[in-house]
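Take a look at the structure below.
The values are calculated or read from the model by the stated rules, or taken from the named source; none is laboratory data. As the structure is a computational prediction, the values presented were derived from the model and not from experiment. Cβ sites come from the backbone with ideal geometry, for glycine too, and all protein chains shown count toward neighbours. SASA here: full protein model, heavy atoms, side chains in, ligands and nucleic acids out. Shrake-Rupley method; radii C 1.70, N 1.55, O 1.52, S 1.80 Å.
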Amino acid sequence: MTQAADLTVDARGLNCPMPIVKTAQAVKTLASGQVLEVLATDPGSVKDFAAWSKSTGNELVEQTVDGGVYRFVMRKK
Amino acid sequence: MDETINLVLFSGTDDKLQAAAVITAGAAALGKPVNVFLQYWALRSFTKAEINADHGLAAEAGESGRKNVDALAKAGQASWAETFRQAKELGEVDIQACSLSMDVLQIEEEDLDPLVNGVEGVTAFYLNAGDGRIIFI
């Protein structure tokens, strides 16, 4: 099942902490309940997105990896 | 414990400032306020004249470390100054120059890069730090 996103952040090729920084910036522009998709290639982002979601309360609803590209789908709190 | 993160930056080399910028941006992304207090060589690296210069690496980096750092920069890694800029846009990040270091290095307020919010003494730094963690780099 693929969740349709209201906004996509392409953080491929960016090093830590930029994928999370770009995500936090993008989430600010969304309304509560809207969905953000993030693409990243930083392997550290798996733990970082889990931690960021837990800490900020924005739900991580989907997480997949395909050919070295991580895809995170988050719903704004 | 207060969730404010307080960084005292002393070293002005690019690797240590990059590490500090990463910690700052991560905290900003989590909504944690960050106070940065610039002393000595870190302060010098935050002047308009120096901010875009090459500030070298810690001695332990050696030649191989230099190559590693250069390769990542060439691959498009954001500079520490750019990372601090983005962290400031994102969250509550306040960067202050240590007034004693300003005197030691004979730096005037107008010499500082706009990333720096102001000048303060150590007492003001402690007051703002409250019960939060203090990290010295």
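In nm, to one decimal, how far is the modelled label at A:LEU7 from the one at A:THR29, with both set 7 Å along Cα→Cβ?
Each label point lies 7 Å from its Cα, and together they span 0.5 nm.
Against the longest alpha carbon principal axis of chain B, how many degrees, from 0 to 90 and to the nearest 10, is the axis of helix B:14-29 turned?
For helix B:14-29, the angle is close to 50 degrees.
Take every residue in peptide A:55-64, count the Cβ atoms of other chains within 10 Å of its Cβ, and give the average of those counts.
Mean inter-chain Cβ contacts per residue within 10 Å come to 1.
With every protein chain kept in place and ligands, DNA and RNA left out, what is the accessible area per residue of chain A? Probe 1.4 Å, answer in Å².
That works out to 52 Å² for each residue.
Share of chain B's accessible area from carbon and sulfur, percent, 1.4 Å?
Values: 3570 of 6980 Å².
Exposed carbon and sulfur together represent 51 percent of the surface.
If you scale each eigenvalue of the Cα gyration tensor by 5 and take the root, what three semi-axes come out for chain B, rounded to whole angstrom and sorted largest first?
Working from the Cα gyration tensor, I get semi-axes of 23, 18, 13 Å.
List the aspartates and glutamates whose Cα lies under 16 Å from the Cα of B:LYS67, skipping any in the same chain that are fewer than 8 positions away.
Cross-link targets: B:ASP14, B:ASP15, B:ASP54.
In the stretch B:33-129, what GluC sites (Glu not before Pro) fall in a loop by DSSP, with at most 10 other Cβ atoms inside 10 Å?
Hits after loop and neighbour filter: B:GLU108.
Using only protein heavy atoms and a 1.4 Å probe, how much accessible area in total is buried between A and B, to the nearest 100 Å²?
Details: alone 4530 and 7520 Å², together 10980 Å².
Looking at A and B, the buried total is near 1100 Å².
Per residue, how much space in cubic angstrom lies within the convex hull of the C-alpha atoms of the protein assembly as shown?
For the protein assembly as shown, the hull spanned by Cα atoms encloses 127 Å³ per residue.
Nearest 10 degrees is fine. How inclined is helix A:18-28 to the longest principal axis of chain A, computing both from alpha carbons?
Tilt relative to chain A: about 10 degrees.
What nm value, rounded to one decimal, do you get for the distance between B:SER79 and B:ASN128 when each label is placed 7 Å out toward the C-beta?
Each label point is offset 7 Å from its Cα along the Cβ direction, giving 2.3 nm.
If I compute solvent accessible area with a 1.4 Å probe over the protein chains, what percent of it on chain A is carbon and sulfur?
The value for chain A is 52 percent carbon and sulfur by accessible area.
Post the alpha-carbon centroid distance, the stretch B:69-137 to the stretch B:1-32, in whole angstrom.
If we compute the Cα centre of each part, the gap is 9 Å.
Quick one: ranking B:THR24, A:THR41, A:THR29 by accessible area, 1.4 Å probe, largest first, what do you get?
Reading off the accessible areas and sorting them downward yields A:THR29, A:THR41, B:THR24.
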